[in-house]
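Written out below as structure tokens is the structure these notes cover.
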Amino acid sequence: MSSTSAPFGFRPSFHNSGVIRAKAYTIASGYANNIFQGDPVRLYTDGTIILATYDGARASSKAGINALGAFAGVEYIDSTGKPTVSDYWPTGITATNIVAYVYDDPEILYDVQFTNPSSGTTVQSYVGKEFDWAYTSTGGSTSTGISNAYIATAESGTGNWQITGFSRNIADALTDAYVIATVRLNESQYKASVATIAS
């Protein structure tokens, strides 16, 4: 946790079984949005994955969108016939044999940066609150492939993600401007959502 914003997307951190595995899906060739490692994704009507927004465009609404899970990476054969393994899906690329990996188990917990709405005040009261995901600038890095998705503003109703606690080390404080929250996928395509916890 820190006074410096450094979002890294949704990073799987815990499962009751002790095992966290990504599952194989696919992306439509030519899909015109970067998908970075740690980005929330959902199943589209054709069975491919897209960003977890209304229409698959990063800037589109995330409210009420059920997600599949978090993107883990992709393999494909590019237009020159070269096999490629990547931490992110490059926007608009033409490819074949596309295998996209997604952490899709609705019981996985994730670590994600949470922007403290009142820096200097503890965020403990946000445990149980729900949030739609947000992102900064381009959504991630094409150098590292890592998403910059994060959570910031609690929803008055149901949100995509729900805080279950906070990930801390000895140098961290719950009053920091940017804390690492542990969250569960609340609006899941594989499991029913829960109502927000009342104040």
- Query: What FRET efficiency do you get for Ser86 and Ser61 if R0 is 41 Å and r is their Cβ-Cβ distance, rounded to the nearest 0.05?
  - Reply: 0.90
- Query: Using a Förster distance of 41 Å, how high is the FRET efficiency between Ser29 and Val127, based on the Cβ-Cβ distance and rounded to 0.05?
  - Reply: 0.45
- Cα centre as origin, Lys/Arg/Asp/Glu Cβ charges: the chain dipole, Debye: 100
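With contacts defined as alpha carbon pairs under 8 Å and 6 or more residues apart, what's the relative contact order of segment 18-103 in percent?
Rounded, it is 39 percent for segment 18-103.
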- Here the relative contact order (percent) of the chain, from C-alpha pairs under 8 Å and at least 6 apart, is 27
- Task: Could you tell me what % of all Cα pairs in the chain have separations over 24 Å?
- Result: 37
- Which one of Ala70, Thr53, Val19 is farthest out on the positive end of the charge dipole of segment 18-103, using unit charges on Cβ (Lys, Arg +1; Asp, Glu -1) and the Cα centre as origin? Val19
- So how do Lys82, Lys129, Lys23 line up by other beta-carbon neighbours within 10 Å, fewest first? Lys82, Lys23, Lys129
- Please give the net charge around Trp161, taking every other residue with its beta carbon less than 12 angstrom from that of Trp161, where Lys and Arg add +1 and Asp and Glu add -1. -2
- Message: Which three numbers, in whole Å and largest first, are the semi-axes of the equivalent ellipsoid of segment 1-92 derived from its Cα gyration tensor as √(5λ)?
- Response: 22, 18, 15
- Order of 177-188, 153-164 by packing, highest average Cβ count within 10 Å first? 177-188, 153-164
- Message: Give me the tail of P(r) for segment 1-42 as a percent: Cα-Cα pairs with distance above 16 Å.
- Response: 58
- Query: With no solvent and one point per C-alpha, what does the Debye sum give as log10 I(q)/I(0) for segment 106-185 at q = 0.15, 0.20, 0.24 Å⁻¹?
  - Reply: -0.53, -0.90, -1.18
- Quick one: which residues, 5 or more positions from Ala52 or on another chain, have an amide H under 5 Å from its amide H? H modelled 1.01 Å from N in the peptide plane, none for Pro or chain starts. Val41, Arg42
- Item | GNM result for the chain, Cα springs below 10 Å: residue of Ser60, Ser141, Ser13 fluctuating most strongly | Ser60
- Message: About the Cα centre, and with charges only on the beta carbon of Lys, Arg (+1) and Asp, Glu (-1), how big is the dipole of segment 18-103? Nearest 20 debye, please.
- Response: 180
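All of the numbers you see were taken from the coordinates with simple rules; none came from a lab. Here the structure is a predicted model, which is why all the values come from computation and not from measurement. As a convention, Cβ positions derive from the backbone with ideal geometry for all residues, glycine included, and neighbour counts pool all protein chains shown.
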